[in-house]
1. Can you tell me which residue among LEU320, LEU265 is more than 27 Å from TYR147 (Cβ to Cβ) and surrounded by fewer than 21 Cβ atoms within 10 Å (Cβ to Cβ)?
2. Could you tell me whether any residue of the stretch 323-334 is surrounded by fewer than 17 Cβ atoms within 10 Å (Cβ to Cβ) and among the charged types (D, E, K, R)?
3. Of the residues that make up the stretch 259-279, is at least one in contact (Cβ under 8 Å) with a residue 24 or more places away in the chain, out of contact with any Cys (no Cβ under 6 Å at 6 or more places or on another chain), within 27 Å of ALA364 (Cβ to Cβ) and among the hydrophobic types (A, V, I, L, M, F, W, C)?
4. Looking only at the stretch 244-255, count every residue that is farther than 15 Å from GLY289 by Cβ, in contact with a Leu (Cβ under 9 Å, 6 or more places away or on another chain) and buried (at least 24 other Cβ atoms within 10 Å of the Cβ) and tell me the total.
5. In the stretch 244-266, how many residues are at pLDDT 85 or above and in a helix (DSSP H, G or I)?
6. Can you pull out every residue in the stretch 324-341 that is of a type outside the set (Asp, Glu) and outside any helix (DSSP H, G or I)?
7. Taking LEU313 as meeting all but one of (1) assigned to a loop (DSSP other than H, G, I, E, B); (2) touching a residue at least 40 places away in the same chain (Cβ under 8 Å); (3) touching an Asp or Glu at 6+ places or on another chain (Cβ under 6 Å), write down the number of the exception.
Amino acid sequence: MRVEANSRTDSETPVPLRDCSPVESYLCPKLTRPNTRSITVMLPAAERTVVVVDDDEPMRLYLSETLTSGGYDCRSFANGATALGWLASGDEHVDLLLSDINMPGMNGLDLLRTVKTVDPSLPIILISGLCDLAMAHGALRAGATDYLLKPVRPADLLGLVSRHVDVVHSKALEAVKEALKRSLGARGASDGNQIAGLLPIFEAIGFKRFETLQHSRRVSAFTLLMARDLNFTRNARGALEIGSLLHDIGKAGIPHNVLMKPGKLNDREWTIMKLHPQLGVDLLFGLPGLERESQIVLSHHERFDGDGYPQKLAGEAIPLGARVFSIADTLDALTSDRCYRPAQSLAAARVEIHRVAGSQFDPAVLDLFDRVGDWEFEAVRKQFPDVS
């Protein structure tokens, strides 16, 4: 059973509204919606209610039937306005909203923004057959909890819904926040307002894959080890560290079933995945003092031979910090377990990294890499292990 803090009393029962549009009814202050997600424990799927909104009837039926087969109680609607009208009634507790984006009338983003105004803690997953930079950016900015790309396999749908409604995220989320506060606060490179601006981004990433934070902290530490012999000012080192920590923030806007696909990405999925550097820069836009950090976010997948992305920069046109970081990122990837291969040893990883010197990596930066001892890299891995 759900244990609720600030449970609604009889005096707080929503008052039915007449002669109001669904949007007006949902946003009306008379419709009291106290925060009932403060204290939550595991709940059987059968006691969870998921609202499905999609104007395409076959897709709506497929989503609803898949969720029902997983034990969820579904309420499905053909458009956002009708869904809002039902939500405004307050007849049932809702645990998650799953909505298509491209719908006539009120689209998925409009529905998301309206619902978030009243119930910011309600998980909302957007689903679409299209994914481009503008759409991903809009979904993330509007507060989407996650994002799915059509076609959706039943396992992907059930797994993602379960991730957001069947497990407790509060402790994991607080751990992410505290880790970020420690990481950023100790560097003196950002003020409280800037930290507040970064936390929601890591909330999105942490919900998708908690170990993303640990990976980011490892590669940030690896990068600093390699850069210690560079004549960087204190501020430049701070920018290098934070830029490394934030390098993958753009993945918060990548559809879950693309980001977490266990096998090889197809051409369409790979095109979508390659949006994340630009999306990351867009997320940082407007946060003061992160110009140098943004260079790493944008350029961390560039290659020394010019065959990287998104700008196909080559040689010294790639910012130095990004050239250093790319080696650290590859080192962590090679020495971490993947679903398709076990982790390599540090010795094997060094051989592989040197194999692509001059093509993927700057040979001059490899000299910095060689100066760092294995024990130093191992110490970082022990300090920031993946969360099991």
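The values are calculated or read from the model by the stated rules, or taken from the named source; none is laboratory data. Computed from a prediction, not measured in an experiment: that's the story for all the values here. Because the Cβ atoms are built from the backbone with ideal geometry, glycine has one as well, and the counts that use them run over all protein chains shown.
1. LEU320
2. Within the stretch 323-334 (the criterion being surrounded by fewer than 17 Cβ atoms within 10 Å (Cβ to Cβ) and among the charged types (D, E, K, R)), the answer is no, since none of the residues qualifies.
3. Looking for residues that are in contact (Cβ under 8 Å) with a residue 24 or more places away in the chain, out of contact with any Cys (no Cβ under 6 Å at 6 or more places or on another chain), within 27 Å of ALA364 (Cβ to Cβ) and among the hydrophobic types (A, V, I, L, M, F, W, C), one finds none in the stretch 259-279, hence no.
4. Summing the residues that are farther than 15 Å from GLY289 by Cβ, in contact with a Leu (Cβ under 9 Å, 6 or more places away or on another chain) and buried (at least 24 other Cβ atoms within 10 Å of the Cβ) in the stretch 244-255 gives 7.
5. Selection size over the stretch 244-266: 2.
6. Selection gives THR335, SER336, ARG338, CYS339, TYR340, ARG341.
7. The number of the failed condition is (2).
Conditions tested, residue by residue: (1) part of a loop (DSSP other than H, G, I, E, B); (2) without any contact (Cβ under 8 Å) to a residue 60 or more places away in the chain; (3) closer than 19 Å to SER220 by Cα; (4) assigned by TED's automatic domain parsing to the domain that holds ALA221.
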{"site": "ALA343", "(1), (2), (3), (4)": "yes, yes, no, yes"}
{"site": "ALA349", "(1), (2), (3), (4)": "no, yes, yes, yes"}
{"site": "HIS354", "(1), (2), (3), (4)": "no, yes, no, yes"}
{"site": "SER359", "(1), (2), (3), (4)": "yes, yes, no, yes"}
{"site": "ASP367", "(1), (2), (3), (4)": "no, yes, yes, yes"}
{"site": "VAL372", "(1), (2), (3), (4)": "yes, no, yes, yes"}
{"site": "TRP375", "(1), (2), (3), (4)": "no, yes, yes, yes"}
{"site": "ALA379", "(1), (2), (3), (4)": "no, yes, yes, yes"}
